[in-house]
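Input: a single structure, listed below in structure tokens.
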Amino acid sequence: MPLSSRSGRSVLGRTVGTGVRAVRLLLRGSVSGGRWMTRRAGSARAKGAGNEVGMVRLFDLHAISCAGDTLIAIGLAGTIFFDVPLGEARSKVALYLLVTMVPFAMLAPVVGPLLDHFRHGRRYALATTMLGRAFLAWLISDYIGGFGLYPAAFGVLALSRAYGVARSAAVPRLLPEGLGLSQVGARASVYGTVAGALVAPIGLAAFWFGPQWPLRVASVIFLVGMVIALRLPPKADSEPPERVPRPLRALRRDGDRPLGRGRPAGRLVIATLIGAAALRALYGFLLLFLAFALKKGDLDTDFFGRELSDQMALGLVGGALAVGGFLATALGTRLRIHRPAAIQSSTMIIVAGVAVLATVKFSLPMVAVLCLVAAMSSGIAKLAVDASIQERIPERLRASSFAHSETALMLAFVAGGGLGLVPFDGRIGIAVAAGVGVLAAARGVLVAGRLRAERLIGRPLTDEELTDRDREATEADRAAAAQAAADQAAADREAGRDGHRRGDTLVDGTSVDDDAAEAAAQAAPTSPAPTGQPSDDAGLAPPGYHIYRPSSAVPRAGDADDERRRQSPGPVS
């Protein structure tokens, strides 16, 4: 064999060997790096859940839910259900808002009471929502271009909202020591957002094979979520006994009302819900109004000296809203909300100030800052609402209360979006947003002052604690009302004394003193007892008695015949 051939083989062999060793090292490093990342992610997950097994599994369940929803959104991105051109027709967007509102409108009257009656089977309710979403996602993949897409998509949205209500109601049962309700809710939201971001590339890769494949992957993920829901610890359910729910019994209203309406403990919940609804309406207004304003050209797309296209400017506004929501949840992981009314009022003041500044200096950067601040404030307000419901509402009404709150927030978003469809001029639209922000801030400051004594402790209250709190609040209200009445009476007496000292003259010329004397004279008895002054009848009646006279004979002050009667008393009959 020639020497050159041997040298060529040796070079080729060394090259192949080096390549094999490089691939081996790369695979080994990838496996080691994957194990390290897995350990780090598992440690962060356990630490974020307070090392509570039940809360860790609930975080996993929420991550599965967010990942499945992301895949469904990717699969439906090219269908008529989500393909609504914003710049083409406002009527289509209005119809889309109404269509997406229908599943939320079903929550308060139907889903909430049903979940309240399934409290002892909450794990099975969560598993049922996962199984139903898996079935409907696969059904959508089969009818991706047909009429069956619409009812299946509505069912997925409704079950997704039902899952959110049931999960929020289960959080207080699994709350670990040392963590507040608002912190746990924010960490679950961050965990779900990260899971959705990680699964998005998988969904896009599956979409390359066809729009039905992301939906089928979502079905498999939802089945995994069903298994995780069944593996939640038993304490996620409430204590038995519990009646088997019947359709009419589940929909019947009992004496207690959701959201604590009619009870002193519910004042904080309703106040925070109204504040969050105002911010959510502002969020919906900015989203749709700015989309149409950019399409119409009412907003200059200059961004610090660089001219952006309409799509890039719209992406900047949408990105500011998305980043603001994520920052709100990230901030909530470290924030323990004790005074939700005060926090909401503070964020509303900031939003109102930025909105006024954006109206004065109307430009794309200022509008983006307004979107960022509004989204952050809306996210923090939502965390405050969830924490208030989880602490102040009894467990038997918690699911219904969450259903009512979710419905109210969705209706507020639709109302704000509907207002954003009105063809305002660019600056005038931001001025409308500023006006709404100022009104919401003023109301938030008043409510925060009125509820300054309301404080969350970060854990769910028992029925006995809620009853004691209601009793204390009722007694405090009665004491405050009695004090206010006493202060008013003292003020009235002081005003009467001042008027008496001044001798205030009335319209008809009489004085206050004259009116008092006349009233005293009219209130005098018709048969007055003898006074200490000498009388003309003295000596005519036995001791201890007095002469009776009719009322017409009683002398009055200022009577013209008074002196004549004194001089000639007349016969006694």
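What the table below lists for this structure:
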quantity	calculated
Leading residue at positive end of dipole, segment 320-436 (Cβ point charges), from 360, 400, 331	331
Accessible surface, segment 274-377, averaged per residue in Å² (probe 1.4 Å)	42 Å²
For residue 303, residues with placed amide H under 5 Å, excluding near neighbours	308
Residue-by-residue Karplus 3J(HN,Hα) for segment 150-165, coefficients 6.51, -1.76, 1.60, Hz, glycine and proline x	5, x, 5, 5, 4, x, 5, 5, 5, 5, 5, 5, 4, 4, x, 5
Using a Förster distance of 41 Å, the FRET efficiency for residue 494-residue 200 (Cβ separation, nearest 0.05)	0.05
Apportionment of accessible area to carbon and sulfur, segment 143-230, percent (1.4 Å)	74 percent
Sequence-distant lysines (8 or more away, or on other chains) whose Cα lies within less than 30 Å of residue 235	47, 382
Cα shape, segment 259-387, gyration tensor, a/c 1.5 rule	prolate
Rounded percent of accessible protein surface that carbon and sulfur make up, segment 266-425, 1.4 Å probe	69 percent
Segment residue 486-residue 452, length gained on full extension (0.36 nm per residue, minus Cα span)	9.9 nm
From phi via Karplus (6.51, -1.76, 1.60), per-residue ³J(HN,Hα) for segment 300-308 in Hz, x at Gly/Pro	5, 8, 6, 10, 6, x, 10, 7, 9
Cβ-Cβ FRET estimate between residue 311 and residue 131, R0 fixed at 35 Å, reported to 0.05	0.35
Top positive-direction residue, dipole computed over segment 285-431 with Cβ charges, set 430, 289, 321	321
Potential lengthening between residue 46 and residue 73 on full extension [0.36 nm per residue; Cα-Cα distance subtracted]	6.8 nm
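The values are calculated or read from the model by the stated rules, or taken from the named source; none is laboratory data. Worth saying up front: this structure is predicted, and the values here are computed from it rather than measured. Positions of Cβ are backbone-derived with ideal geometry, glycine not excepted, and every protein chain shown enters the neighbour counts. To get the accessible areas, we keep the full protein, side chains included, count just its heavy atoms, and leave off ligands, DNA and RNA. Shrake-Rupley method; radii C 1.70, N 1.55, O 1.52, S 1.80 Å.
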